[in-house]
């Protein structure tokens, strides 16, 4: 038996945040990253709509990239004092992920991160509060997913928390909130969307429901990402919808080794998550296609790519992604990004071991061991074709 879980309500389109004036409650705890949303007026709009609904609010500002255990604990302390019945995460992946973790420990203060990382093992939430995710980037889709990733900055340990309890009650995909994104952010997050959708589609846990969402997200990304990068605002709004479709897919089908590799190298090499996925994606497809080319071929056919065999079609998909990387000015290898060779080689055995142990590896369409993962990382570092 399979399960499919998404937010109870998804509001999308221009000024979708206006739905906040229709919710019922008493207190909302808002979590954001920097003061950018304060400066551009987004926070004031949110507070205004909540006030219309008769809800008072308190804002937590200061969630960093790769949110930390320390930040989560600080937010939980404020929540316990404030006692909200709504928690609202606004921003990219980091603020919403942090807000989700704060929500968990607000409801269960004695719970530990070590317990939280056991997949799909959380106690029932919504005893104290419900959750709203409002995304301001077109990439992570955490506003519709069951995931949160928190980092212990002292030890370097990442805590990937996965449980359907963490799926927000309401997702708001306001297409006006992404119009000022920089081209670099558009490129990195957009290729993150493509990775989410492709990995969900080929996952060993995919279903007809996730396949439909993933394929549509792939089509929309290929059609709109380069236009969004060039500041075509119609294309940019379409990418904001595509990223949520991909999120609904991978939240239920899970992911694969592209994310396993990205999870283990992002913080160490100061590699933005979307950019890491963009680099690793083609190498992972080459690796997986050696034994599991069928679903990559289906994607290629749907996109109208050339090829008379499944492997040829998979190779055409790789070629398309490589062209997209070039057009979006995204590096094709870790070396091109600037990762130091000696540092990479020193860390390689442990990177491979921890990537194999990552939860996303379990749903990859082809199995992998430490030795093969080392070879895959090496190919991605030097930009070599994967032939094993």
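The values are calculated or read from the model by the stated rules, or taken from the named source; none is laboratory data. Predicted model, so just to flag it, every value in this text is computed and none were measured. Neighbour counts run over all protein chains shown; Cβ positions are idealised from the backbone, glycine included.
Every residue, every condition in (1) closer than 25 Å to residue 228 by Cβ; (2) part of a helix (DSSP H, G or I), yes or no:
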residue: 324; (1), (2): yes, yes
residue: 351; (1), (2): no, yes
residue: 355; (1), (2): no, yes
residue: 360; (1), (2): no, yes
residue: 368; (1), (2): no, no
residue: 379; (1), (2): no, yes
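Could you give every pair whose Cβ atoms fall below 9 Å, whose first residue belongs to region 96-116 and is free of Cβ contacts under 8 Å to residues at least 12 places away in the same chain, and whose second residue is surrounded by fewer than 17 Cβ atoms within 10 Å (Cβ to Cβ) and part of a loop (DSSP other than H, G, I, E, B), counting only separations of at least 6 or pairs across chains?
115/121
Taking the options 9, 14, 40, name whichever one is in contact with a strand residue (DSSP E or B) (Cβ under 6 Å, 6 or more places away or on another chain) and touching a residue at least 40 places away in the same chain (Cβ under 8 Å).
9
Among the residues that make up region 254-267, is at least one of them buried (at least 24 other Cβ atoms within 10 Å of the Cβ), in contact (Cβ under 8 Å) with a residue 12 or more places away in the chain and closer than 26 Å to residue 9 by Cβ?
Looking for residues that are buried (at least 24 other Cβ atoms within 10 Å of the Cβ), in contact (Cβ under 8 Å) with a residue 12 or more places away in the chain and closer than 26 Å to residue 9 by Cβ, one finds at least one in region 254-267, hence yes.
Okay, residues lined up against (1) touching a residue at least 40 places away in the same chain (Cβ under 8 Å); (2) surrounded by fewer than 17 Cβ atoms within 10 Å (Cβ to Cβ):
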residue	(1), (2)
152	yes, yes
167	yes, no
172	yes, no
181	yes, no
187	yes, no
190	yes, no
204	yes, yes
209	yes, yes
217	no, no
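Please verify whether region 353-372 includes one or more residues that are over 29 Å from residue 149 (Cα atoms), more than 25 Å from the chain's Cα centre (by Cα) and in contact (Cβ under 8 Å) with a residue 12 or more places away in the chain.
No, because not a single residue in region 353-372 is over 29 Å from residue 149 (Cα atoms), more than 25 Å from the chain's Cα centre (by Cα) and in contact (Cβ under 8 Å) with a residue 12 or more places away in the chain.
Can you tell me which residue within region 255-281, out of those that are at pLDDT 95 or above and assigned to a loop (DSSP other than H, G, I, E, B), is nearest to residue 168 (Cα to Cα)?
255
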